[in-house]
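Quick notes on the structure that follows.
Nothing in this text is a laboratory measurement; each read-out follows from the coordinates by a stated rule. Given the structure is predicted, the values throughout are model-derived calculations rather than measurements. Using ideal geometry, Cβ is built from the backbone for each residue, glycine included, and neighbour counts are taken over all protein chains shown.
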Amino acid sequence: MKVRALLLGLVAVGLSTTAAAADPIVIKFSHVVAQDTPKGKAADKFKELAEKYTAGAVKVEVYPNSTLYKDKEEMEALQLGAVQMLAPSLAKFGPLGVREFEVFDLPFIFDSYEDLHKVTYGQVGQQLFSKLEPKGIKGLAYWDNGFKSFSANSPIKKPEDLKGKKMRIQSSKVLEEQMRELKALPQVMAFSEVYQALQTGVVDGTENPISNLYTQKMHEVQKHLAITDHGYLGYAVITNKKFWDGLPANVRTSLEKAMKESTEYANKIAKDENDQSLEMVKKSGKTEVTQLSKDERLAFKKALVPVHKKMESRIGAELIESIYKETGFDPAKL
C-alpha cells in the first residue's frame, strides 16, 4: 500500500514537473532601440542567461525597436502588468513623478564611466530605485548606453552654434532647460519618430550616444556631429513589482544572477559599441565629425553646468551634492 502511494506520489510530481516545463513563466521584455545596440544586445544576453539559469522555468520574449510598445506607452503597460520588464532611459521617470532620476540628465555631471559607476553601482543608485516601489515598479539594474553628443545640419564647435536650432530631446525638464541654456528650441519626441523628423526638417538636430545615432541611421540625415560627451544616457532595467515579488524564490534568485551578469556585459560593451559606431559614421562620409578640443569642450561645460543650480528645486540639492561628493566634481572650480 505504501509502495503504491509512493508510486502515485512520484507520478504526481512527474506530472507537475512536466506541466511546469510545458508552461514556463513568460517575461515579456520590451524596449525601443534596435537589437544591435548595447541595450538590445544586453536584453538578448539576459534572455539567454535567464532561460539557462532557470532551466527553462522562465521564457523571456524580447521585443526590440518599439515593436510591442512605444516610448509613451511602455511604462503604463508595465504598471498594468501587460509587460513584465522594460529598460527605459532614466529620463522616463520624471514624467512618472519620480523627478530625482532626472539627476542623470544634468549636463556634465559625470566626466567618465568611472565617476558614473560610483553612483549606479553604489548606494545613491539603490536609494533612487527605492523611490519607484510606491509606483509598483522594482528597479533591477542600471545599464549604460553612453555619453551623448550633439548633431545638427550645420557645424557645432561652440555653444552659440546651437542657438535657434530645433533640437529633439526626451521628455525631461532638465533636458528642456539644457537646450534653453544654449538658446536652442527643445522638441520632445518619441525615439521611433526622430529619423523621419530629422529627414523632413521638423527638427534640426538631436543629442545621442553614437551607437543610437548610427543604428537608427540618423547620421544619414545629419550633416554635422560634435563629440561633446556632454550628458549621459543610461537605462534602468525595471520590472512590475507585484510580478517580481510573486515569483518563486529560487526563480527570482536565478533571474538576479542573470541580471547581474547581463549588466556586467551591457556596461562592458557600451563604450566599445559607441567607439565602433563612431568609426562607422566617419566611414559613411555622410556626417562631418568634429572632435572638440579641450578648450572647446570646456566652453560647453561652462555654458551648461549652471543648469545644475537651476534644477536644484526640482531634483533636490541634497541629491546633486551627494553625486558631487561621490565623483569629486566641484562646479566652483570651473
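Here are some notes:
- Order of L198, L96 - criterion: other Cβ atoms within 10 Å of each residue's Cβ, fewest first: L96, L198
- All C-alpha to C-alpha distances of the stretch 71-122, sorted into 5 Å bins beginning at zero, yield P(r) values of 4, 17, 21, 22, 15, 12, 6, 1 percent in whole numbers.
- Based on every Cα atom in the stretch 69-165, Rg and the maximum pairwise Cα distance Dmax equal 16.1, 46 Å.
- Within the stretch 130-145: backbone nitrogen closer than 17 Å to the Q79 label point (7 Å, Cα to C-beta): 130-139
- Global geometry of the stretch 233-334, whether rounded, prolate or oblate, following the gyration tensor of its Cα atoms and the 1.5 cut on a/c: oblate
- Take the Cα of M280, step 7 Å toward its Cβ, do the same at A55, and the gap between the two points is 3.9 nm.
- Taken along the Cα-to-beta-carbon direction at a fixed 7 Å, the label points for K135 and R314 span 1.5 nm.
- The spacing between the stretch 264-329 and the stretch 83-159, judged by their C-alpha centroids, is 12 Å.
- Mean separation of Cα contacts under 8 Å (6+ apart) over length of the chain, as relative contact order %: 25 percent
- Cross-linked pairs K92/K333; K166/K333; K72/K309; K183/K271; K183/K333: Cα-Cα separations exceed 26 Å for K92/K333; K166/K333; K72/K309; K183/K271.
- Size descriptors for the stretch 2-329: radius of gyration and Dmax over Cα atoms are 21.8, 86 Å.
- Subtracting the Cα-Cα distance of Q126 and R180 from 0.36 nm times their residue separation leaves 16.3 nm of extension gain.
- Think of the stretch 258-334 as a dipole: +1 on every Lys or Arg Cβ, -1 on every Asp or Glu Cβ, centred on the Cα centre; then among G285, A299, A266, A299 lies furthest on the positive end.
- Taking the Cα centre of the chain as reference, the dipole from Cβ charges on Lys and Arg (+1) and Asp and Glu (-1) amounts to some 360 debye.
- Maximal additional length on extending the E220-Y63 stretch stands at 54.0 nm, based on 0.36 nm per residue less the C-alpha distance.
- The chain: antiparallel DSSP beta bridges as a percent of all, rounded to 5: 50 percent
- Cα centroid separation - the stretch 166-205 against the stretch 230-261, whole Å: 31 Å
- Fully extending the segment from K242 to K70, taken as 0.36 nm per residue of separation minus the present Cα-Cα distance, adds 59.7 nm.
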